[in-house]
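Taking it in order: structure first as structure tokens, then the write-up.
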Ligand code: GDD
Ligand code: MG
């Protein structure tokens, strides 16, 4: 495993919120938590952990709930990644604020950097820590501008960068500036979040802190950014890592249109384009064309299949000359020869679609 050259040691803990159910990525998230889904051939979370390590933060606390055991089984104590990882489990999900409060006893430093565990970003972690210290802020939030802010937390700031409101997922946001899902907290501020109950940091904690006059500052960084919560974003984010558009220390220095695990078998004349990734033990037959697609482990794709902008989960079987576009194929599903799947279709695990000349489309 590659452990990147590290910047100076930072006196901060990293807390990563990974307790969500990943509902928008079903059926991929029925058995696997969203941050553990393969992205450019590594669990998504591993790219974030590598960024944290490269920024000089060593102590990481994972705030888990749904499928908690999967994280520890994979990452263990974090030593292989040059980190020290601890796990805190919520028996029932406590929400984003409850999840942050729940790790309080594990914190070692006066500064905690909290990450949503499903954000792919090139933001300079050292930069936000420096800004936080320079302003002597209670909380510093990574903010950025997006075309459509309605699906996010909208965060207006004043001329000095001080946050004036926090408006989670509103229909008429007053600005395009959004919460990018990374916060630097003074540890003592985390102690003010109520214990042992569900708390939303976005809907309850931030508005309450603002009302109390806390010093909350925005740190605008418009580097690469994507929330991986929806299939189209997941596919795009993974492809962007493969193509070097989204930075990941795990893939530094390599270039190319695709990444193929050494144990995969790719027949002659196969085109793997636009950031496609091919996982362990996957077999791809002659003449396939695969664009911008995430293929997990142990998948079989028969000759002549054409697949674009899709996710093919572990153990799936794609028949000869099938056409699949903008779809999610669940674990162990079988797509028969010549089937056409289009427009956001999601095939659930184990489902068997027989050989056909039929066209399936969610908008048909
Ligand atoms: N520990 C724990 N417990 N973690 C949780 C819980 C919980 O009960 N609920 C959600 N999480 C984790 C998720 O696993 C995810 O990593 C993170 O918290 C955010 O949850 P999402 O469900 O992905 O939220 P979102 O994308 O709709 O909105 C959030 O992210 C946006 C940026 O991507 C909000 O923070 C928005 O304000 C923000 O703009
Ligand atoms: Mg999200």
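Just a few scattered comments:
- Single residue of 181, 218, 237, 229 found to be assigned to a helix (DSSP H, G or I), touching a residue at least 40 places away in the same chain (Cβ under 8 Å) and within 14 Å of ligand 1 (Cβ to nearest atom): 237
- Any hit, segment 133-141, residues being at pLDDT 95 or above and either under 16 Å from residue 223 (Cα atoms) or outside the structural domain of residue 202 (by TED's automatic domain parsing) (or both): yes
- Any hit, segment 35-46, residues being surrounded by fewer than 23 Cβ atoms within 10 Å (Cβ to Cβ), assigned by TED's automatic domain parsing to the domain that holds residue 181, modelled with pLDDT under 95 and within 13 Å of ligand 1 (Cβ to nearest atom): no
- Among the candidates 93, 79, 68, the residue that is away from ligand 2 (no atom under 16 Å from the Cβ) and under 20 Å from the mean Cα position of the chain (by Cα) is uniquely 68.
- Residue in segment 195-202 that is over 16 Å from residue 128 (Cβ atoms), assigned by TED's automatic domain parsing to the domain that holds residue 137, in contact with a strand residue (DSSP E or B) (Cβ under 6 Å, 6 or more places away or on another chain) and within 9 Å of ligand 1 (Cβ to nearest atom) present: yes
- Segment 224-247: number of residues that are over 22 Å from residue 152 (Cα atoms) and either surrounded by 24 or more Cβ atoms within 10 Å (Cβ to Cβ) or in the same structural domain as residue 295 (by TED's automatic domain parsing) (or both): 3
- Qualifying positions in segment 83-124 - under 24 Å from residue 160 (Cβ atoms) and out of contact with any strand residue (DSSP E or B) (no Cβ under 7 Å at 6 or more places or on another chain): 124
The rows are residues; the columns are (1) within 16 Å of ligand 2 (Cβ to nearest atom); (2) not in a helix (DSSP H, G or I).
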residue: 73; (1), (2): no, no
residue: 101; (1), (2): no, no
residue: 112; (1), (2): no, yes
residue: 115; (1), (2): yes, yes
residue: 120; (1), (2): yes, yes
residue: 142; (1), (2): yes, yes
residue: 160; (1), (2): no, yes
residue: 165; (1), (2): no, yes
residue: 174; (1), (2): no, yes
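- Summed over segment 94-118, the residues that are surrounded by fewer than 21 Cβ atoms within 10 Å (Cβ to Cβ) and in contact with a helix residue (DSSP H, G or I) (Cβ under 8 Å, 6 or more places away or on another chain) give a count of 5.
- Enumeration of residues in segment 241-272 that are in a strand (DSSP E or B) and farther than 22 Å from residue 330 by Cα: 271
- Apart from one condition, residue 258 fits all of (1) away from ligand 2 (no atom under 16 Å from the Cβ); (2) surrounded by fewer than 20 Cβ atoms within 10 Å (Cβ to Cβ); the exception is (2).
- Of the residues making up segment 190-223, those that are over 24 Å from the mean Cα position of the chain (by Cα) and buried (at least 20 other Cβ atoms within 10 Å of the Cβ) number 4.
The values are calculated or read from the model by the stated rules, or taken from the named source; none is laboratory data. Since the model is a prediction, treat every value here as computed from it, not as a measurement. We place every Cβ from the backbone using ideal geometry, glycine too, and count neighbours over all the protein chains shown.
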